[in-house]
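Below is one structure, written out as structure tokens, with a few remarks after it.
The values are calculated or read from the model by the stated rules, or taken from the named source; none is laboratory data. As the structure is a computational prediction, the values presented were derived from the model and not from experiment. Glycine also receives a Cβ, built like all others from the backbone with ideal geometry; neighbour counts cover every protein chain displayed. Accessible surface is based on the protein model in full, side chains and every heavy atom, while ligands, DNA and RNA are left aside. Shrake-Rupley method; radii C 1.70, N 1.55, O 1.52, S 1.80 Å.
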Amino acid sequence: MRDKRLTAILGACVLLFWMSEVAAQNVLLSEWHVDSGKRAVKERHFDEAEQHYFAALKEAAGAPGTRVTGSIAALAALYLAEGKPEASERLFGQALVAQERMLGREHPAVAETLKSWATLNADHGKDEAAERLFTLALAIQEKALGPEHPDVADTLSNLAIVYKSQRKYDMAERLYARALAIQEKALGPDHLDMADTLNNLAVLYKAQKRYAEAEDLCRRALAIREKHLGPEHPDVAVSLNTLANLYFVVGWYKEAEGLHERALAIREKRLGPEHPDVATSLNNLAILYNHQGKHAEAESLFKRALAIREKSLGPEHPKVADTLESYAALLGVMERPEEAERLAVRAKAIRSKQGS
């Protein structure tokens, strides 16, 4: 009897070892497919990249890590930038079908894919689609993880951003308050994840003209990020940018200029001179220069911001329209109406196509 029990135990150990070996091989194969997909994207072989990403999804047993989901999102964004919204929708739709078939519709991995899809829609000004997808993800997470899980807080914050964009300020504030309460309880008041929510709530308060409250939140988020990440991290630049935009609104131009310049320096050094976040800093600094009457300096920055955004985001991205509109306003002040009109017309066409 003892020998049989020992044999059974040894057999179970061998089976577990074999299963772990298979799982490890699957993870390695999944990672290989992700890397191969990224190389295919760089070479603009999008169909090949798509095949690799779905193979990675399959090898990961339908529960991909952030690399797989992030890669799918990146390829979907490229499809959108190329004016192929149907391909983008197909990519995420097929990923979800694969995950739901292998894991069920209420698995947290499904929620993460929904969130990636929602974020992509939000970035391209498709707020209604983003709201629907974030809401679906939130329902899954609340049921699967519980209503006070940190992942729930992150989704609440993302959904609040969409509500803020739709000017549903009261709804956005309620979600931010709930997200902050979850994070403070689960993670602590100085946790790095708190900084994102604080920063986003500050943006909402700025839109509501609650400037003193917004400044307090900006400074708290900045302090958390500098403490955890150091003074030159790109996330620190996010807080600097938010605080600078607040100071611009209240007319503190000198303070705003210093913060924008610091944010720009961080982003150029850490992200490279052609990163979309660099374009954001250039665009904001150009708007500030325009208000200060530094028109030549502003135009130079608008040109550079526009070139970066067109190259990195695509010629029909909403942020390209943002720069076109701001640049057109500058050209109007500089009494160059024909050039201003051309840019304004192009911006209007982008807005119309995006449905914003």
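Taking into account only those residues within the range 291-305 that are in contact (Cβ under 8 Å) with a residue 24 or more places away in the chain and surrounded by 19 or more Cβ atoms within 10 Å (Cβ to Cβ), which is nearest to A122 (Cα to Cα)? Here the answer is A305. Within the range 92-137, the residues that satisfy the criterion of being buried (at least 19 other Cβ atoms within 10 Å of the Cβ), modelled with pLDDT under 80 and of a type outside the set (A, V, I, L, M, F, W, C) are Q99, H124. Within the range 294-317, one or more residues are assigned to a loop (DSSP other than H, G, I, E, B) and farther than 30 Å from K84 by Cβ. Considered as a group, the residues in the range 205-219 that are closer than 15 Å to A244 by Cα and in contact (Cβ under 8 Å) with a residue 24 or more places away in the chain include one that is most open to solvent (accessible area, probe 1.4 Å), and that residue is R219.
Answer yes or no as to whether L175 is open to solvent by less than 50 Å² (accessible area, probe 1.4 Å), within 16 Å of A118 (Cβ to Cβ) and not small (G, A, S). Spelling it out, L175 is indeed open to solvent by less than 50 Å² (accessible area, probe 1.4 Å), within 16 Å of A118 (Cβ to Cβ) and not small (G, A, S). If you filter the range 178-202 down to residues that are of a type in the set (A, V, I, L, M) and surrounded by fewer than 18 Cβ atoms within 10 Å (Cβ to Cβ), you find that the one that is farthest from A153 (Cα to Cα) is L192.
Suppose we filter H228, H260 for residues that are within 19 Å of K319 (Cα to Cα) and either surrounded by 15 or more Cβ atoms within 10 Å (Cβ to Cβ) or at pLDDT 95 or above (or both); which single one remains? Going through H228, H260 in turn, the sole match is H260. Residue count for the range 316-337, restricted to those that are farther than 13 Å from A298 by Cα, open to solvent by 60 Å² or more (accessible area, probe 1.4 Å) and not acidic (D, E): 3. Count of the range 312-356 residues, restricted to those that are farther than 17 Å from H124 by Cβ and either of a type in the set (G, A, S) or within 18 Å of the chain's Cα centre (by Cα) (or both), is 6. Against the conditions (1) of a type in the set (D, E, K, R); (2) modelled with pLDDT under 85; (3) more than 18 Å from the chain's Cα centre (by Cα), R178 satisfies every one except (2).
Within the option set A256, A263, being within 22 Å of the chain's Cα centre (by Cα) and of a type outside the set (K, R) holds for one residue only, A263.
Inspect all residues belonging to the range 275-284 and state whether any of them is assigned to a loop (DSSP other than H, G, I, E, B), open to solvent by 30 Å² or more (accessible area, probe 1.4 Å) and at pLDDT 95 or above. No, every residue in the range 275-284 fails to be assigned to a loop (DSSP other than H, G, I, E, B), open to solvent by 30 Å² or more (accessible area, probe 1.4 Å) and at pLDDT 95 or above.
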